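Undergrad: I'd like to ask some things about the structure below.
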Amino acid sequence: MDRTQKEATIADLQSKLQDTGLVVVTHHLGLTVAEVTDLRGKIRAAGASFKVTKNRLARRALQGTQFEGLDGLFKGPTAIAYSKDPVAAAKVVADYAKTNEKLKIVGAALGDQILDVEGVKALATLPSLDELRAKLVGMIQTPATRIAGVLQAPGGQVARVLAAYAKKDEAA
């Protein structure tokens, strides 16, 4: 990689990190190409990204961002997973690390807060933004359906009483 390519790579990664809420640093020693491709597919499906990085270039890209505290984690074969959603990348990486021991979580940064491995695992157990939104909509809609049911109930009861009287008159 020549100097202009390195500068372009740094600028590209730095621009992506500006719009990111979470960065997870991993070691991927021993992962096959198929396993990395599978991991990338799962991460992409969750709305996140996964990038194998050169440590020096990643450290330079982190400078001037909220993730500068991750600088010390870039040793060995590293890759980063990042997402706007503060849970998506952590959830997929933690799930994949459970099933494949070759992927090791080194740490993460949620904004300017640095997380250790246990912090990433705890973050992965939280529901994602989409799940939280769905729960919130469900909670908002539930009272509305109950109110509609209560308002319709008296009308239904009156109709059943009238129908019962009509059947009684027909029988007589």
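Undergrad: Given Lys84, Lys51, Lys42, Lys91, which one is within 27 Å of Glu7 (Cα to Cα), under 13 Å from the mean Cα position of the chain (by Cα) and not aromatic (Phe, Trp, Tyr)?
TA: Checking each option against the conditions leaves just Lys84.
Undergrad: OK, next. Output the residues belonging to region 24-41 that are of a type outside the set (A, V, I, L, M, F, W, C) and crowded, with 16+ Cβ neighbours inside 10 Å.
TA: Hits for region 24-41 are Thr26, His27, His28, Arg40.
Undergrad: Restrict the check to region 110-126 and report whether at least one residue is open to solvent by 30 Å² or more (accessible area, probe 1.4 Å), of a type in the set (A, V, I, L, M) and part of a helix (DSSP H, G or I).
TA: yes
Undergrad: So, one more: Lys16: more than 19 Å from Ala109 (Cβ to Cβ), open to solvent by 60 Å² or more (accessible area, probe 1.4 Å) and part of a helix (DSSP H, G or I), yes or no? Quick ask: steps written out before the conclusion?
TA: Values: more than 19 Å from Ala109 (Cβ to Cβ): no; open to solvent by 60 Å² or more (accessible area, probe 1.4 Å): yes; part of a helix (DSSP H, G or I): yes.
No: the conditions fail for Lys16.
Undergrad: Within region 69-89, count every residue that is within 25 Å of Leu129 (Cβ to Cβ) and open to solvent by 60 Å² or more (accessible area, probe 1.4 Å).
TA: 1
Here's the yes/no breakdown for (1) assigned to a helix (DSSP H, G or I); (2) touching a residue at least 12 places away in the same chain (Cβ under 8 Å); (3) closer than 23 Å to Tyr96 by Cβ; (4) not polar (S, T, N, Q):
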residue: Gln5; (1), (2), (3), (4): yes, no, no, no
residue: Ala8; (1), (2), (3), (4): yes, no, no, yes
residue: Gly47; (1), (2), (3), (4): no, yes, yes, yes
residue: Thr65; (1), (2), (3), (4): no, yes, no, no
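Undergrad: How many of the residues in region 69-88 are closer than 20 Å to Ala11 by Cβ and without any contact (Cβ under 8 Å) to a residue 24 or more places away in the chain?
TA: Within region 69-88, residues that are closer than 20 Å to Ala11 by Cβ and without any contact (Cβ under 8 Å) to a residue 24 or more places away in the chain number 1.
Undergrad: Would you check if there is a residue in region 137-158 being modelled with pLDDT of 80 or more, among the aliphatic types (A, V, I, L, M) and either in a helix (DSSP H, G or I) or open to solvent by 80 Å² or more (accessible area, probe 1.4 Å) (or both)? Walk me through it before giving the result.
TA: Our first condition is that a residue be modelled with pLDDT of 80 or more; within region 137-158, this holds for 137.
Retained after the next criterion (residues that are among the aliphatic types (A, V, I, L, M)): 137.
Now narrow it down to the ones that are either in a helix (DSSP H, G or I) or open to solvent by 80 Å² or more (accessible area, probe 1.4 Å) (or both): 137.
Yes, some residue in region 137-158 is modelled with pLDDT of 80 or more, among the aliphatic types (A, V, I, L, M) and either in a helix (DSSP H, G or I) or open to solvent by 80 Å² or more (accessible area, probe 1.4 Å) (or both).
The values are calculated or read from the model by the stated rules, or taken from the named source; none is laboratory data. Not measured: the values here are computed from a predicted model. With ideal geometry, Cβ positions are generated from the backbone for all residues, glycine too; neighbour counts draw on all protein chains shown. Ligands, DNA and RNA are stripped out before the accessible areas are found, and what is left, the full protein with its side chains, is counted by its heavy atoms. Shrake-Rupley method; radii C 1.70, N 1.55, O 1.52, S 1.80 Å.
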